[in-house]
Amino acid sequence: MSEDSKPLNFIEQIIEDDLEQRRVTKVVTRFPPEPNGYLHIGHAKSICLNFGLARKYEGACNLRFDDTNPEKEEDEFVSAIIRDVKWLGFNWDGEVRYASDYFQQLYDWAVYLIEQDKAYVCELSAEQIREYRGTLTEPGTDSPYRKRPAEESLALLESMRKGEVAEGAMTLRAKIDMASPNINLRDPVLYRIKRVPHHRTGDTWSIYPSYDFAHGQEDAIEGVTHSICTLEFAANRPLYDWFVENLPVPSTPRQYEFGRLNLNYTVTSKRKLKQLVDDGVVEGWDDPRMPTLAGMRRRGYTPAAIRNFCDSLAVAKTDGVVDMAQLEYFIRDDLNRNAPRAMVVLKPLKVVIDNLPEAHVEQLPAPAHPERDLGERTLPFTREIYIDADDFKEAYSKQFKKKLSPGKRVRLRNGYVIEASDYLKDEQGNIVQVNATLVPDTLGKDPADDIKPKGVVHWVSASLGKQATVRLYDRLFSHPAPDRGEGEFLEYVNAESLVVREGCWIEPGLASAEPGAHYQFEREGYFCRDNRESGLVFNRTIELRDSWSKQTPGKQN
């Protein structure tokens, strides 16, 4: 379905009405991550939506970091987020923006609220504030400091700013309505004291604005017209509007909420993702099993596939859970069309072709893709080759009729037909070598004796191939709802989510693969060269077919 023929989602309907009624002349959106972790697949939906709307309506989308909590924010996360947004294929309007760019303006507006008798310095502790706030069914109780004179609050706020007040001793609160049915309007905290250096402003500030106070005003400063948030912020919208209405802001943004992306077999809570990293369950934020965009990039997911997946999702006013198989469909679809083919042997078994001379080397041409013109690759064919151990059976049976076995034939992919004659075992009884003969005049055609091969196997030259490490990645969790089921979510970590195979054999041409380059390893799956390791390391992006829909947890590779 083309972009023009897709039905409008509810946000597009709002935008088109705003444009038609001239309430808005230029659409301005923003993507406002907090730099306290890496972006994950849930953020991708928000990125595609915000940047996509700006692109569709020839507007602008800002990238703005809501860096109001110095305790958890780091430059590493800022750099990672910028890298991820670029990787997804989006460009923001102007320079990267930060909440910290507006700290002085936000402070000035806090002073303005005090002067208008709409804010006060409160000395209740955090626990007392919660107690005074009331419940969903009972109104709150006014703070004993609510009627503090404006002059006194102004002086105390300045002392807080200068670092003269102990952390936790005071807060600045808006004066709204302690009896409001919306708990968010019961005198919310605007500023807290935090004696923590900020990643951009250092020790300049000892107080930091709350997200609720900063967010809408940042939108107003930047001229954002449509501030699009996930559904959990719906209850905060009256507070968002209250600030805009009660401050001399330069524009009037509007907030709209849509359902967030929840993916099964996954956790996207930053706290839980951080726990996976801190506990060593994964090797870092960019571990290929993580749902972070950095992890997906390293695993071999493509930005086009992620964008197509996000575009397939409904932009609705309700939350829902999307099956991982839907994301995997778009990954396979993109890689099937665009990834060149190659051969790798994960479980090497040597085959000696007895009727070839020891020095035999023949360069066999093979297409890089069976359906697209991506050029050709050359496969060196030698007397000794490796096939996968699973492709040889000691005894022929109908169950394994497409395997190589004594007296039976198979075709080597893009090569000749061979017939097994004998095999050798080591002292432990493991098959370590197969002897075979090449059936003459079978390159690209069937044998003249009409005894056709039963199957096709992949192979690599034993003398000219290269050794590599192959990492077989799978879903990190074996339970479809690891953070919503019974017990601790770490109990559902899939023990087979990573299987490392050393000593695999690859086509020699793969030795020059660029980091991040994608391939379909024939019969094995889609892989990419690891973008962090310096050696020949290939990560499995995804299997050729979905193997989860008909199986129970604990899958073997």
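The values are calculated or read from the model by the stated rules, or taken from the named source; none is laboratory data. Every value quoted in this text rests on a predicted model; they were computed, and no experiment measured them. Cβ placement follows ideal geometry from the backbone for every residue including glycine, while neighbour counts extend to all protein chains displayed.
The condition of being among the β-branched types (Val, Ile, Thr), over 28 Å from Arg377 (Cβ atoms) and touching a residue at least 60 places away in the same chain (Cβ under 8 Å) holds for only one of Ile451, Ile431, that being Ile431. Residue pairs whose Cβ atoms lie under 8 Å apart, sitting 6 or more positions apart in sequence or on different chains, and linking a residue in region 29-40 that is under 16 Å from Met290 (Cα atoms) to a partner that is surrounded by 23 or more Cβ atoms within 10 Å (Cβ to Cβ) and among the polar types (S, T, N, Q), are Tyr38/Thr292; Leu39/Thr292; His40/Thr292. Check whether at least one residue in region 97-112 is of a type outside the set (A, V, I, L, M, F, W, C), part of a loop (DSSP other than H, G, I, E, B) and not assigned by TED's automatic domain parsing to the domain that holds Val315, and report yes or no. Looking through region 97-112, none of the residues is of a type outside the set (A, V, I, L, M, F, W, C), part of a loop (DSSP other than H, G, I, E, B) and not assigned by TED's automatic domain parsing to the domain that holds Val315. Quick check: anything in region 494-510 touching a residue at least 24 places away in the same chain (Cβ under 8 Å), surrounded by 15 or more Cβ atoms within 10 Å (Cβ to Cβ), among the hydrophobic types (A, V, I, L, M, F, W, C) and under 21 Å from Leu327 (Cα atoms)? Yes, that holds for at least one residue.
The set of residues in region 363-394 being of a type in the set (Asp, Glu) and over 25 Å from Val432 (Cβ atoms) consists of Glu371, Asp373, Glu376. Determine whether Glu524 is under 25 Å from Asp323 (Cα atoms), surrounded by 20 or more Cβ atoms within 10 Å (Cβ to Cβ) and of a type outside the set (S, T, N, Q). So Glu524 passes the test. For beta carbons closer than 6 Å, sequence separation of 6+ or different chains, a first residue in region 397-409 that is in the same structural domain as Pro440 (by TED's automatic domain parsing) and a second that is part of a helix (DSSP H, G or I) and surrounded by 13 or more Cβ atoms within 10 Å (Cβ to Cβ), the qualifying pairs are Lys403/Asp391; Leu404/Asp391. Mind listing just one residue for me: the one in region 200-229 that is surrounded by fewer than 18 Cβ atoms within 10 Å (Cβ to Cβ) and within 30 Å of the chain's Cα centre (by Cα) and, of those, nearest to Arg161 (Cα to Cα)? It comes out as Thr201. Any idea which residue in region 398-412 is modelled with the lowest pLDDT, counting only those that are part of a loop (DSSP other than H, G, I, E, B) and over 18 Å from Ile431 (Cα atoms)? That would be Lys401. Taking into account only those residues within region 102-122 that are farther than 12 Å from Val249 by Cβ and among the hydroxyl-bearing types (Ser, Thr, Tyr), which is surrounded by the most Cβ atoms within 10 Å (Cβ to Cβ)? Filtering region 102-122 for residues that are farther than 12 Å from Val249 by Cβ and among the hydroxyl-bearing types (Ser, Thr, Tyr), the one surrounded by the most Cβ atoms within 10 Å (Cβ to Cβ) comes out as Tyr120. For beta carbons closer than 7 Å, sequence separation of 6+ or different chains, a first residue in region 86-112 that is within 17 Å of Ala220 (Cβ to Cβ) and a second that is among the hydroxyl-bearing types (Ser, Thr, Tyr) and surrounded by 14 or more Cβ atoms within 10 Å (Cβ to Cβ), the qualifying pairs are Ala99/Thr68; Ser100/Thr201; Phe103/Thr201; Ala110/Tyr191. Taking the residues in region 190-199 that are over 18 Å from Phe77 (Cα atoms) and touching a helix residue (DSSP H, G or I) at 6+ places or on another chain (Cβ under 8 Å) as candidates, determine which candidate is surrounded by the most Cβ atoms within 10 Å (Cβ to Cβ). That would be Tyr191. Of the candidates Arg413, Arg377, the single residue that is surrounded by 18 or more Cβ atoms within 10 Å (Cβ to Cβ) and either out of contact with any Leu (no Cβ under 7 Å at 6 or more places or on another chain) or not charged (D, E, K, R) (or both) is Arg377. Taken over region 425-444, the criterion of being within 26 Å of Lys398 (Cβ to Cβ) and either touching a helix residue (DSSP H, G or I) at 6+ places or on another chain (Cβ under 9 Å) or surrounded by fewer than 14 Cβ atoms within 10 Å (Cβ to Cβ) (or both) is satisfied by Lys425, Gly429, Asn430, Ile431. Would you be able to say whether some residue in region 133-142 is part of a loop (DSSP other than H, G, I, E, B), among the small types (Gly, Ala, Ser), in the same structural domain as Arg55 (by TED's automatic domain parsing) and more than 30 Å from Gly52 (Cα to Cα)? Yes: one or more hits.
Looking for something in contact (Cβ under 8 Å) with a residue 40 or more places away in the chain and either in contact with a Pro (Cβ under 9 Å, 6 or more places away or on another chain) or under 15 Å from Glu419 (Cα atoms) (or both) - is there at least one such residue anywhere in region 304-317? No, the conditions are met nowhere in region 304-317. When we screen Thr302, Thr318 for residues that are under 16 Å from the mean Cα position of the chain (by Cα) and among the β-branched types (Val, Ile, Thr), the only hit is Thr302.
Residue-wise test of (1) in contact with a Cys (Cβ under 7 Å, 6 or more places away or on another chain); (2) free of Cβ contacts under 8 Å to residues at least 24 places away in the same chain; (3) part of a loop (DSSP other than H, G, I, E, B).
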{"position": "Ile221", "(1), (2), (3)": "no, no, no"}
{"position": "Glu232", "(1), (2), (3)": "no, no, no"}
{"position": "Arg237", "(1), (2), (3)": "no, yes, no"}
{"position": "Val249", "(1), (2), (3)": "no, no, yes"}
{"position": "Tyr256", "(1), (2), (3)": "no, no, no"}
{"position": "Asn262", "(1), (2), (3)": "no, no, no"}
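Does Ala366 qualify as being surrounded by 14 or more Cβ atoms within 10 Å (Cβ to Cβ) and in contact with a helix residue (DSSP H, G or I) (Cβ under 6 Å, 6 or more places away or on another chain)? It is false that Ala366 is surrounded by 14 or more Cβ atoms within 10 Å (Cβ to Cβ) and in contact with a helix residue (DSSP H, G or I) (Cβ under 6 Å, 6 or more places away or on another chain). Thr318 meets the conditions (1) modelled with pLDDT of 95 or more; (2) farther than 12 Å from Gly42 by Cα; (3) of a type in the set (Val, Ile, Thr); (4) not assigned by TED's automatic domain parsing to the domain that holds Glu73 in every case but one. The failed one is (1). Just one residue in the set Val321, Val361, Val315 is crowded, with 16+ Cβ neighbours inside 10 Å and in contact with a strand residue (DSSP E or B) (Cβ under 6 Å, 6 or more places away or on another chain); that residue is Val315. Only residues that are among the basic types (Lys, Arg) and not in a loop (DSSP other than H, G, I, E, B) were counted across region 12-58, and they come to 4. So which of Arg297, Arg289 ends up being crowded, with 20+ Cβ neighbours inside 10 Å and outside any helix (DSSP H, G or I)? The conditions single out Arg289. Taken over region 139-167, the criterion of being in contact with an Asp or Glu (Cβ under 8 Å, 6 or more places away or on another chain) and within 16 Å of Val111 (Cβ to Cβ) is satisfied by Ala150, Leu154.
The single residue among Gly407, Gly429 that is more than 47 Å from the chain's Cα centre (by Cα), at positive phi and of a type outside the set (Ser, Thr, Tyr) turns out to be Gly407.
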